[in-house]
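Colleague: First the structure, then my questions, so here it is.
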Amino acid sequence: MSEANANEPKLLIKGATVLTMDPTLGDLTTGDILIVGDRIAAVESELVDPDAEVIDARGMIAIPGLIDTHMHAWQTPLKGLHATGWTFDEYQARVFYLREHFGVEDIHDATLAGSIEMLDAGVTGVLDFCHNVMSPEHADSALRAHRATGQRTLWAYGMLGSFDASPGDQAWRIDHIRALRKETGDNGLLRVGMALASIERSSMDQIAKEIGLARELGMQMTVHQNPAGQIRALHDAGLLGADIVPAHGNAADNEELEMIASCGGGISFTPECEFAGGRSMTVLNRAHRAGVASSLGVDTPARVPIDLFNAMRLTFMLMRSVDAFDEREAGRYPLVRRPGTPMVEPRHMLEYATVNAARAIGLGDDLGRLAPRQLADVVLINPEPYGVSLGDPANHVVLRTQPRDVDTVIVGGVIRKRDGKLTDLDRVEAGAATRRVRERIFAAAESSA
Ligand SMILES: [Zn+2]
């Protein structure tokens, strides 16, 4: 904290129950957090700083800001469009084809709407998987929206062209990624990463080229991983690394999960989309056992709410269910507690959405914990008026909290929401942006039909 510049703004959060998610600090039943500039300077049971702006957090629970590691922000205005989706063709025909009709302003407004809603819901960080980069101007427009909202963003540049992508379609993306990487760098709220083309729709050759470029530029990557065997294929080609976050990864067998774990990597699990698609329900328990750093995402707002508390809750219930089912199958019923069974507590879900997610976006050393020198992304949850749950406060966070309970949101030391209200962003503007996009894209789709 001595490195702090005397002119940097200071915030002092006082009297919260602090879930630091830091193995050394643990929980503070009542604690204070001092923020200087964009970093946390101290977390102790009692801190005094006459120069700091004080946030009275008595009765509240302080957690590290939540981070969604698999989100398609451009689909925010498409809420409901894939609510009852069943087949992949339906997804193509109802949702994904609209990509062709998104103009430059649509990408901006859609991203803005999604990012505002996330911040309002305590999601301070996101890996925005943008598979709607139809021109360099579309990419610039999405980045403009992220700069405007100030959410901590790893914006993953989509390499997926049209499904019959020509090599020319990739060339401008590669040039533009190089330019953006130079422009955004590593230190701001907004960083550029790469969303690899889906392996089954591309080729290992093409994927190897994309990964090579990302590694040359030091960028974090993500990829949609649904078909079986792709993790092994990446591993066998010498391409697997902790800098690639596979989304879903449901079809991974135990050996593939070991491969991910042994390079220190993770997967991003999106519970509602996995449920709806009938994908493997056991992957997270197997991943947890293998030591994979799992994190969580909502995937497409066209199908699911922008609510990471909900994702944590569902994932916890799912992992419990898988354990209990296995016990029944093994004839151990009524249930008894055995070492390692059940596997997770609600607190693990919070770890997925903070510590592990920070690793997934390439900020594992700097983000995801409430501890000195960490980036100051903090959420205060107000359990009132209905009252805090008994027992572990992490249980209240995961099992009882909704976005409306998010009282305060701080990103990089700046207050973005306080007393339940966004300070410098407008919910109404998010809704208006959604309506503007709908009007334009459906009119464009109709006129081209
Ligand atoms: Zn996705």
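The values are calculated or read from the model by the stated rules, or taken from the named source; none is laboratory data. Because the structure is predicted, anything quoted here is derived from the model rather than measured. With ideal geometry, Cβ positions are generated from the backbone for all residues, glycine too; neighbour counts draw on all protein chains shown.
Colleague: Condition check: in contact (Cβ under 8 Å) with a residue 60 or more places away in the chain and surrounded by 18 or more Cβ atoms within 10 Å (Cβ to Cβ). Does Ala42 satisfy that?
Modeller: Spelling it out, it is not the case that Ala42 is in contact (Cβ under 8 Å) with a residue 60 or more places away in the chain and surrounded by 18 or more Cβ atoms within 10 Å (Cβ to Cβ).
Colleague: Within segment 70-80, is there a residue that is more than 16 Å from the ligand (Cβ to nearest atom), under 28 Å from the mean Cα position of the chain (by Cα) and within 22 Å of Val133 (Cβ to Cβ)?
Modeller: yes
Colleague: I've got another one for you. Can you pull out every residue in segment 242-276 that is within 16 Å of the ligand (Cβ to nearest atom) and either at positive phi or without any contact (Cβ under 8 Å) to a residue 24 or more places away in the chain (or both)?
Modeller: Within segment 242-276, His248, Gly249 qualify.
Colleague: Go over the candidates Ile260, Ile177 one by one and state the one that is modelled with pLDDT of 95 or more, touching a strand residue (DSSP E or B) at 6+ places or on another chain (Cβ under 7 Å) and among the β-branched types (Val, Ile, Thr).
Modeller: Residue meeting the stated conditions: Ile177.
Colleague: Filter segment 101-137 down to the residues that are free of Cβ contacts under 8 Å to residues at least 60 places away in the same chain, charged (D, E, K, R) and either part of a loop (DSSP other than H, G, I, E, B) or surrounded by fewer than 19 Cβ atoms within 10 Å (Cβ to Cβ) (or both) and list them by number.
Modeller: Once the filter is applied, which keeps residues that are free of Cβ contacts under 8 Å to residues at least 60 places away in the same chain, charged (D, E, K, R) and either part of a loop (DSSP other than H, G, I, E, B) or surrounded by fewer than 19 Cβ atoms within 10 Å (Cβ to Cβ) (or both), segment 101-137 yields only Glu137.
Colleague: Moving to a separate point now. Taking the residues in segment 311-328 that are among the small types (Gly, Ala, Ser) and surrounded by 15 or more Cβ atoms within 10 Å (Cβ to Cβ) as candidates, determine which candidate is nearest to the ligand (Cβ to nearest atom).
Modeller: Ala311
Colleague: Return the residue satisfying two criteria in turn: it lies in segment 61-93 and is assigned to a helix (DSSP H, G or I) and touching a residue at least 60 places away in the same chain (Cβ under 8 Å), and of such residues it is surrounded by the fewest Cβ atoms within 10 Å (Cβ to Cβ).
Modeller: Leu78
Colleague: Restricting to segment 262-286, name every residue that is of a type in the set (Gly, Ala, Ser) and buried (at least 24 other Cβ atoms within 10 Å of the Cβ).
Modeller: Gly266, Ser268 - these are the residues of segment 262-286 that are of a type in the set (Gly, Ala, Ser) and buried (at least 24 other Cβ atoms within 10 Å of the Cβ).
Colleague: From the list Gly331, Gly340, exactly one residue is away from the ligand (no atom under 16 Å from the Cβ), modelled with pLDDT under 95 and surrounded by fewer than 15 Cβ atoms within 10 Å (Cβ to Cβ). Which is it?
Modeller: Gly340
Colleague: Of all residues in segment 230-241, how many are under 22 Å from Leu127 (Cα atoms), away from the ligand (no atom under 16 Å from the Cβ) and not β-branched (Val, Ile, Thr)?
Modeller: Going through segment 230-241 one residue at a time, the tally reaches 4.
Colleague: Another question about this same structure. For segment 280-310, which positions are more than 12 Å from the ligand (Cβ to nearest atom) and assigned to a loop (DSSP other than H, G, I, E, B)?
Modeller: Those that are more than 12 Å from the ligand (Cβ to nearest atom) and assigned to a loop (DSSP other than H, G, I, E, B): Ser280, Met281, Thr282, Gly291, Val292, Ala293, Ser294, Pro305, Ile306, Asp307.
Colleague: Can you list the strands (runs of 3 or more DSSP E) lying wholly within segment 336-449 that have 3 or more residues being among the basic types (Lys, Arg)?
Modeller: 414-418
Colleague: Answer yes if at least one residue in segment 411-420 is out of contact with any strand residue (DSSP E or B) (no Cβ under 8 Å at 6 or more places or on another chain) and within 24 Å of Ser45 (Cα to Cα), and no otherwise.
Modeller: yes
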